[in-house]
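The values are calculated or read from the model by the stated rules, or taken from the named source; none is laboratory data. Quick caveat, the model's predicted, so the values are computed rather than measured. In this analysis, Cβ positions are derived from the backbone assuming ideal geometry, glycine residues included, and neighbour counts consider all displayed protein chains. We work out accessible area using only protein heavy atoms, side chains counted, and drop any ligands, DNA or RNA first. Shrake-Rupley method; radii C 1.70, N 1.55, O 1.52, S 1.80 Å.
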Amino acid sequence: MLAAHRVHADAGGRVLLRDVCVQIVPGRLTCLVGPNGAGKSSLLRVLAGDLPAGAGTVEMNGTSLSAWPLRLRARSRAVLSQSVEVAFGMRALDVVLLGRIPHQAYAGDSSEQVLALRELARVGMSGMAQRRYSTLSGGEKQRVQLARCLVQIGRRARNEAAYLLLDEPTAALDLRQQHATLRLLRRRARTGIGVLVIVHDLALAAAFADHVAVLDRGRIVVAGAPHEALRPDVIGEVFGVRVRMLRSRTSPRMLPVAVPGAPRRTEAARTHSAALQVEPTVSLPATRQPSGTAVAAPEPAEPARLVSEVAPRLEPDVSR
């Protein structure tokens, strides 16, 4: 398990994270959501070991992350940042093979190239292996970088835990590729990999995640199963928008959809924001709901309204 316990981080006098606890569990896909500037990327960098925590601890597989030699750390966790620049005229295949460097693998080895080509195919880029990376679109570059992360933690021992830490891997992707990417990551999690994905699309998180953590102003507001973490009252307070919860014909999961003309944050939301600044932890009551901010989901005993025009397009195939 990759875990942060009571982590605090700041930069340039600005507090980035406050008393954050989070666990990335092998076999589970965790989505991290929150407003812009909430500290999501900072938390991912702390978990990766790229940003030192001012207080608290980060452990990977029971050992302090700082105690791991860099090469061994890179073999067990792969990181996809929001933006990755490649200065040289490398082919897409060459960029993917960079992920094998921590394993001291020879890029010219045919077995390494087979591994890289297989992961390129899994992200839908099999026909682009020989293309210059610099000529690819933003979404194509993102998928090549995802393939690099997949080969980086490939060929591990069956009982060896590994982790994928991905910062907005769907940001530049079209709707079809967004769903394909989340399906791929969920399947990879089922092989025993712990996956953390930062996303802004709450419907994607609700459709695919096993676990969702909501971050606001450097604190974890709530964490749990999607139906627990992505409640209308939570979304209303953290994001300041009204949502409706829709059920797809192809899945029992409820998907949050923003209602046009959402109001500004309510007094309840401002109270919540003040609590973030002074309380060590924040607990949201199960029945709390900002008045006029969100539309509550139906009670479990009542069947949710079927919305055939919208929900199927949000999640065409998310069967577990």
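Residues in region 12-28 that are in contact (Cβ under 8 Å) with a residue 40 or more places away in the chain and part of a strand (DSSP E or B): 9 in all. Within region 200-227, residues that are free of Cβ contacts under 8 Å to residues at least 24 places away in the same chain and among the β-branched types (Val, Ile, Thr) have Cβ atoms under 7 Å from residues that are surrounded by 23 or more Cβ atoms within 10 Å (Cβ to Cβ) and assigned to a helix (DSSP H, G or I) in no pair, counting only partners at least 6 apart in sequence or on another chain.
Restricting attention to region 77-113, the residues that are in a loop (DSSP other than H, G, I, E, B), without any contact (Cβ under 8 Å) to a residue 40 or more places away in the chain and within 14 Å of ARG143 (Cα to Cα) total 2.
Scanning region 114-139 for residues that are in a helix (DSSP H, G or I) and open to solvent by 40 Å² or more (accessible area, probe 1.4 Å) yields VAL114, LEU117, ARG118, ALA121, ARG122, SER126, GLY127, MET128, SER134, THR135, GLY138. All of (1) under 26 Å from VAL195 (Cα atoms); (2) surrounded by fewer than 17 Cβ atoms within 10 Å (Cβ to Cβ) hold for GLY99 with one exception: (2).
Among the residues of region 36-76, those that are assigned to a loop (DSSP other than H, G, I, E, B) and open to solvent by 30 Å² or more (accessible area, probe 1.4 Å) comprise ASN36, GLY37, GLY49, ASP50, PRO52, ALA53, GLY54, ASN61, GLY62, TRP68, PRO69. Looking across region 202-220, not a single residue is more than 13 Å from GLY39 (Cα to Cα) and out of contact with any strand residue (DSSP E or B) (no Cβ under 9 Å at 6 or more places or on another chain).
Scanning region 146-181 for residues that are more than 17 Å from PHE208 (Cα to Cα), open to solvent by less than 50 Å² (accessible area, probe 1.4 Å), assigned to a loop (DSSP other than H, G, I, E, B) and touching a Lys or Arg at 6+ places or on another chain (Cβ under 9 Å) yields ILE153, GLY154.
Per the listing HIS211, HIS227, the residue uniquely modelled with pLDDT of 95 or more and open to solvent by 10 Å² or more (accessible area, probe 1.4 Å) is HIS211. Quick check: is even one residue across region 55-78 basic (Lys, Arg) and either at pLDDT 95 or above or in contact with a Leu (Cβ under 8 Å, 6 or more places away or on another chain) (or both)? Within region 55-78, one or more residues are basic (Lys, Arg) and either at pLDDT 95 or above or in contact with a Leu (Cβ under 8 Å, 6 or more places away or on another chain) (or both).
If the condition is being farther than 18 Å from LEU2 by Cα, among the small types (Gly, Ala, Ser) and either part of a loop (DSSP other than H, G, I, E, B) or in contact with a Ser or Thr (Cβ under 8 Å, 6 or more places away or on another chain) (or both), then region 182-232 contributes ALA207, GLY218, ALA225. Filtering region 239-261 for residues that are under 20 Å from GLY37 (Cα atoms), assigned to a loop (DSSP other than H, G, I, E, B), modelled with pLDDT under 95 and touching a helix residue (DSSP H, G or I) at 6+ places or on another chain (Cβ under 9 Å) leaves a non-empty set.
For region 118-142, the tally of residues that are in contact with a helix residue (DSSP H, G or I) (Cβ under 7 Å, 6 or more places away or on another chain) and within 24 Å of ARG186 (Cβ to Cβ) stands at 11.
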